[in-house]
Amino acid sequence: MTVSADASSEFADAFTAHYPGVLAFATRRVGESDGEDVAAEVFARAWNAWHKAPRQAIRPWLFGIAHNLVVDTYRAKERRDRLQTRMSAQRPSAPDDQLRLTEASVDIARAWQQLSLSDRETLALVAWDGLSQAEASAVLGCNRATYSVRLSRARKRLTSLLETTPNPAPSEGSSR
């Protein structure tokens with residue numbers, strides 16, 4: 001299959017415009033090294049399907065591809081973790097914390113972890129990735145009204161968790 005110069009130029013423009021956002025989207029969800037792999041795979045798949053790409057909605061189309069690849073990455077990691085657990089008969093170790101968090105961010109992090117993966121993704125698309133509700137709905141493969149309801153419910157659940165998440169007990173050295 002030969003690709004026209006126009007299609008090649010359009011793809012190059014889309015890559016230049018959207019690669020940083022796709023990379024950030026993937027990195028926030030799967031980490032830096034896997035994020036780079038996901039972003040590369042997004043554009044490899046986009047190139048192979050460029051003739052079918054929705055020209056008026058390239059950004060959500062690319063984020064939809066990224067979303068599917070992130071889900072695949074989670075599934076692969078879960079399979080590896082289950083296999084490792086079975087092989088070693090030990091619980092897998094928790095990932096190291098990479099940031100020192102304030103009390104407020106600890107509460108947010110705890111509440112965030114208690115949300116379902118679906119709620120986290122629904123919120124992250126607009127809060128972290130800056131997509132509009134229309135774009136986010138396209139990423140998740142639902143209509144805008146459905147996405148709006150999901151977003152509203154996810155926000156309510158996060159708010160509820162923030163209101164009920166207990167503050168951690170102060171450490172021994174911090175009492176005065």
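The values are calculated or read from the model by the stated rules, or taken from the named source; none is laboratory data. All values derive from a computational prediction rather than experimental measurement. We place every Cβ from the backbone using ideal geometry, glycine too, and count neighbours over all the protein chains shown. When the accessible area is computed, the model is the full protein with side chains, heavy atoms only, and any ligands, DNA or RNA have been set aside. Shrake-Rupley method; radii C 1.70, N 1.55, O 1.52, S 1.80 Å.
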Quickly run through segment 161-172 and pick out the residues that are surrounded by 12 or more Cβ atoms within 10 Å (Cβ to Cβ) and either at pLDDT 90 or above or part of a helix (DSSP H, G or I) (or both).
-> Leu161, Leu162
Write out, first by first residue and then by second, each pair whose Cβ atoms fall under 6 Å of each other, whose residues are 6+ apart or on separate chains, and whose first residue, in segment 26-55, is touching a residue at least 40 places away in the same chain (Cβ under 8 Å) while the second is polar (S, T, N, Q).
-> Val30/Thr73
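A quick yes/no check of all residues on (1) open to solvent by less than 50 Å² (accessible area, probe 1.4 Å); (2) part of a helix (DSSP H, G or I); (3) modelled with pLDDT of 65 or more:
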| position | (1), (2), (3) |
| --- | --- |
| Gln56 | no, yes, yes |
| Leu62 | yes, yes, yes |
| Ala66 | yes, yes, yes |
| Val71 | yes, yes, yes |
| Tyr74 | no, yes, yes |
| Glu78 | no, yes, yes |
| Leu83 | no, yes, yes |
| Gln90 | no, no, no |
| Ala94 | no, no, no |
Residue count, segment 104-147 (criterion: open to solvent by 60 Å² or more (accessible area, probe 1.4 Å) and at positive phi) | 1
What tally of residues in segment 32-52 results from selecting those that are open to solvent by less than 30 Å² (accessible area, probe 1.4 Å) and either part of a helix (DSSP H, G or I) or within 17 Å of Val71 (Cβ to Cβ) (or both)?
-> 7
Of the residues in segment 123-139, how many are farther than 18 Å from Leu158 by Cβ and part of a helix (DSSP H, G or I)?
-> 5
Would you check if Arg29 is open to solvent by 100 Å² or more (accessible area, probe 1.4 Å), within 19 Å of the chain's Cα centre (by Cα) and under 24 Å from Cys142 (Cα atoms)?
-> no
Which members of segment 1-26 meet the condition of being open to solvent by less than 40 Å² (accessible area, probe 1.4 Å) and of a type in the set (A, V, I, L, M)?
-> Ala7, Ala14, Val22, Ala24, Ala26
